[in-house]
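The values are calculated or read from the model by the stated rules, or taken from the named source; none is laboratory data. What you see is a predicted model; the values in this text were computed from it and never measured. All Cβ positions, even for glycine, are placed from backbone atoms using ideal geometry, and neighbour counts span all protein chains on display.
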Amino acid sequence: MGTHEYIQDQRNDNVWISINKELFMRPDAKISVLDAGFLLGDGIWEAFRLHEGILVFINDHLNRLFHGAENISLEIPYSREEIISEIKKVIEMNKMYNDVHIRLIITRGLKPTPYQAPWVISSPPTMVIIPEYKKANIERSKNGISLVKVDIIRGPKNAQDPRINSLSKHNCIAACIDARNKGGEEGLMLDPNGNVSTCNSTHFFMVKNGEVWTSNGDFCLNGITRQKIIDICHSNNISCLEKNFTADEVKDADELFVTGTFAGLTPVNKYNGKIVSNGSRGPIVKKLQELYVQMIEDECNGQ
């Protein structure tokens, strides 16, 4: 499972899940087969962590949620405060406090018939909140994952805007399948111009001669963790460049790593079958991991 490898927790079998502000035990949590999210992948989502009772970077995630909704002409019928209140209600019902991963999904709602036009709708939007006890496998943060370049690219915004956290995930799923077929655990995706863009489920960084490189961001999701790492670099005198570069340049990198909400920073130990950084976590990745953990602690202490 790569960066998403986690420790199984039997408590998840019977967690409470919120559907349109009504709570259901996990086995009973269901939506209609006529929901636009199920029929068309028509909706948006966010994933974030509960760390020591704090919803980490929740304002950043809600900013992205409302931005994505605006871009797909989906009017969310709840305020930010109402959404946070509902999330907290679910957390309290489950008596959750730490090592919790939360998925928030908002679809366009029920369709009167299977049809794609977004204005053909028969209900308000559907909001689902799924909390899980979910702790990342710590060994991955040390030993890393294998990465391969895939043939699936991230398209331009006038095809399917890759900067939106849409429920329509086929592009990433196709890249995930291609990566597995090529023997990798994560796929490195290029943009339409042949430059490195992102990965199928994470954001990509490389370290070269002491500099941290990542894509210019034009063809990837506005990653929360990605931006936090860029901010950390700038505030700690680590050169970080958002730029165009090719997959050939990746081959000569000193260190590679990927980022995501669930696992934070994960080193890459192998790229296209070639060992990276002697197959172990490099010094800059280790330093950035420590600084990121400290940032989360500061966030929690500040609240």
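Structural remarks
- Lone qualifier among 222, 181 - being outside the structural domain of residue 46 (by TED's automatic domain parsing) and under 20 Å from residue 164 (Cβ atoms): 222
- Qualifying residue in the range 86-106 (condition: in a helix (DSSP H, G or I) and under 18 Å from residue 60 (Cβ atoms)): yes
- Residues that are out of contact with any helix residue (DSSP H, G or I) (no Cβ under 7 Å at 6 or more places or on another chain), under 21 Å from residue 86 (Cα atoms) and surrounded by 15 or more Cβ atoms within 10 Å (Cβ to Cβ), drawn from the range 36-55: 37, 45, 47, 49
- Residue match in the range 252-264 (condition: on the phi < 0 side of the Ramachandran plot, acidic (Asp, Glu) and at pLDDT below 95): yes
- One residue from 142, 111 being touching a residue at least 24 places away in the same chain (Cβ under 8 Å) and over 28 Å from residue 6 (Cα atoms): 111
- Residue count for the range 107-135 under the criterion of being among the hydroxyl-bearing types (Ser, Thr, Tyr), closer than 19 Å to residue 38 by Cβ and not in a loop (DSSP other than H, G, I, E, B): the result is 2.
- The set of residues in the range 202-220 that are surrounded by 21 or more Cβ atoms within 10 Å (Cβ to Cβ), assigned to a loop (DSSP other than H, G, I, E, B) and in contact with a Lys or Arg (Cβ under 8 Å, 6 or more places away or on another chain) comprises 215, 219, 220.
- Scanning the range 158-198 for residues that are hydroxyl-bearing (Ser, Thr, Tyr) and touching a Lys or Arg at 6+ places or on another chain (Cβ under 8 Å) yields a total of 2.
- Within the range 176-186, one or more residues are basic (Lys, Arg) and in a helix (DSSP H, G or I).
- Test: residue in the range 194-206 that is in contact with a strand residue (DSSP E or B) (Cβ under 7 Å, 6 or more places away or on another chain) and without any contact (Cβ under 8 Å) to a residue 40 or more places away in the chain: no
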